[in-house]
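The values are calculated or read from the model by the stated rules, or taken from the named source; none is laboratory data. It should be emphasised that the depicted structure is a prediction, and the values quoted were computed from it without experimental measurement. Positions of Cβ are generated from backbone atoms using ideal geometry, with glycine treated the same way; all protein chains shown enter the neighbour counts.
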There are 2 protein chains.
Amino acid sequence: MWQLFQFPLCPFSRKVRLALGEKGVGYGLIRESPWEQRDEFIDMNPAAQTPVMRDPDTGMTLIDSSAICEYFEETIDKAPLIPGQAPDRAEVRRLVAWFDQIFYREVVAPLLYERMEKRLVHRKSPDAAQLREAMKRANTHLDYVDYLIDHRRWLGGPLFSLADLAGAAHISVADYLGGIDWRGHRSTREWYAGLKSRPSFRPLLGERMEVIAPPDHYDKVDF
Amino acid sequence: MWQLFQFPLCPFSRKVRLALGEKGVGYGLIRESPWEQRDEFIDMNPAAQTPVMRDPDTGMTLIDSSAICEYFEETIDKAPLIPGQAPDRAEVRRLVAWFDQIFYREVVAPLLYERMEKRLVHRKSPDAAQLREAMKRANTHLDYVDYLIDHRRWLGGPLFSLADLAGAAHISVADYLGGIDWRGHRSTREWYAGLKSRPSFRPLLGERMEVIAPPDHYDKVDF
């Protein structure tokens, strides 16, 4: 069975886990804290980032969340996550990249740094101004997600796709860290409630990162 | 004919241009300076990043360098750039992501900021300490590229691939900005000299970014 090296609040690992869940691929979790720079982990992945997937029977290692998702999209027919023709697939990949790069850099990464890394690694308190800035950017970005949902059945177009999973993965980490103000984002909230109720999402919502508690609404499908 | 919105030192646009060149896809260049945040450009791409490709006849827009490369890989059979079986393809995508994320963030982005953006936008001089740090990281990363080249025919494995083009794209921008010390990287230098002599690379080497001159060796195949 595949091993997935990850930590509970890694949005890229969450995206991969949601994809594996939709496709019915079994895997075991291995806890990895990339900020500890464990030698064996860096030997496996010089980029020192989660997620990494490893098949202990064959020794095959898959690295980078997009490469991992493309790999399972190519090898597992069930539940196509980059569906449609080439232009539809380009739109799905654009949105995945938007969440993985823009939304991550401007919202999730500063929240993770202020609320998780500072506490776990540097034993410091979060900077309230930085948190406010990240929440403001989250608000602007959720306006764009609202706009997409108002014009399409799913985020990437008429079909459910990896864009929905990438969005849900990043938003869920931001939400865990108290970075999302849901008022004023009814469209995104309804879409996200639907995502939360999928069987692929349930295991993630039950997990906790040590010393950091999510807000009360975090794991509720009705919120 | 496709229009490519880009600026001469955008490594992601360079990667796309090399891929289009290998595949024989024609395109016209449209100069876009993302730091100017032009309204029409942001309307087209809310991420406000180059490259963007647009077909003016159909109105089709492709956004994000990886989505663009995957699109042409799916639609143009000539010169496969993500070749082989699923595990080989995963390795190519891992290395493309390594250049696009790690090498870009730690080497290319600080060089672009210090040497280009500070000059063009902020009218300031570069910070010598930041430049030194970026060059030190470039050196470490080229050690890894040396290691790959010493163990494989091409960066991603036995076949020429998008990993080579992504590597050449990022390294060429770092080299233009004086960030690469080639001493001690003979393997990477020989591989890069081969890339430079490809017809797809020639047009890029001849272009200049206003007010910033590259080092003398920059456009020479023998360097």
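If you check A:ALA174 against the conditions, is it within 21 Å of A:ARG94 (Cβ to Cβ), surrounded by 20 or more Cβ atoms within 10 Å (Cβ to Cβ), in contact with a Lys or Arg (Cβ under 9 Å, 6 or more places away or on another chain) and of a type outside the set (Asp, Glu)? Quick ask: steps written out before the conclusion?
Values: within 21 Å of A:ARG94 (Cβ to Cβ): yes; surrounded by 20 or more Cβ atoms within 10 Å (Cβ to Cβ): yes; in contact with a Lys or Arg (Cβ under 9 Å, 6 or more places away or on another chain): no; of a type outside the set (Asp, Glu): yes.
Spelling it out, it is not the case that A:ALA174 is within 21 Å of A:ARG94 (Cβ to Cβ), surrounded by 20 or more Cβ atoms within 10 Å (Cβ to Cβ), in contact with a Lys or Arg (Cβ under 9 Å, 6 or more places away or on another chain) and of a type outside the set (Asp, Glu).
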Return the only residue of A:SER65, A:SER13 being among the hydroxyl-bearing types (Ser, Thr, Tyr), over 17 Å from A:ARG202 (Cα atoms) and in contact with a Pro (Cβ under 9 Å, 6 or more places away or on another chain).
A:SER65
Single residue of segment B:74-99 satisfying the filter (among the acidic types (Asp, Glu) and more than 9 Å from chain A (Cβ to nearest Cβ)) that is surrounded by the fewest Cβ atoms within 10 Å (Cβ to Cβ)
B:ASP77
Among the residues in segment B:145-166, are any under 21 Å from B:TRP35 (Cα atoms) and away from chain A (no Cβ under 14 Å)?
no
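If we scan segment A:41-48, do we find a residue that is farther than 22 Å from B:ILE102 by Cα and not aromatic (Phe, Trp, Tyr)? Can you show your working first?
Initially, segment A:41-48 is screened for residues farther than 22 Å from B:ILE102 by Cα, giving none.
Looking for residues that are farther than 22 Å from B:ILE102 by Cα and not aromatic (Phe, Trp, Tyr), one finds none in segment A:41-48, hence no.
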Output the number of the condition that A:PHE41 fails; it satisfies all remaining conditions of (1) crowded, with 18+ Cβ neighbours inside 10 Å; (2) touching a residue at least 12 places away in the same chain (Cβ under 8 Å); (3) in the same structural domain as A:LEU195 (by TED's automatic domain parsing).
(3)
Just to be sure I understand, how many residues within segment A:177-197 are within 14 Å of A:GLU22 (Cα to Cα) and buried (at least 16 other Cβ atoms within 10 Å of the Cβ)?
2
Segment B:49-67 - residue that is more than 7 Å from chain A (Cβ to nearest Cβ) and closer than 24 Å to A:PHE12 by Cα and, of those, surrounded by the fewest Cβ atoms within 10 Å (Cβ to Cβ):
B:GLN49
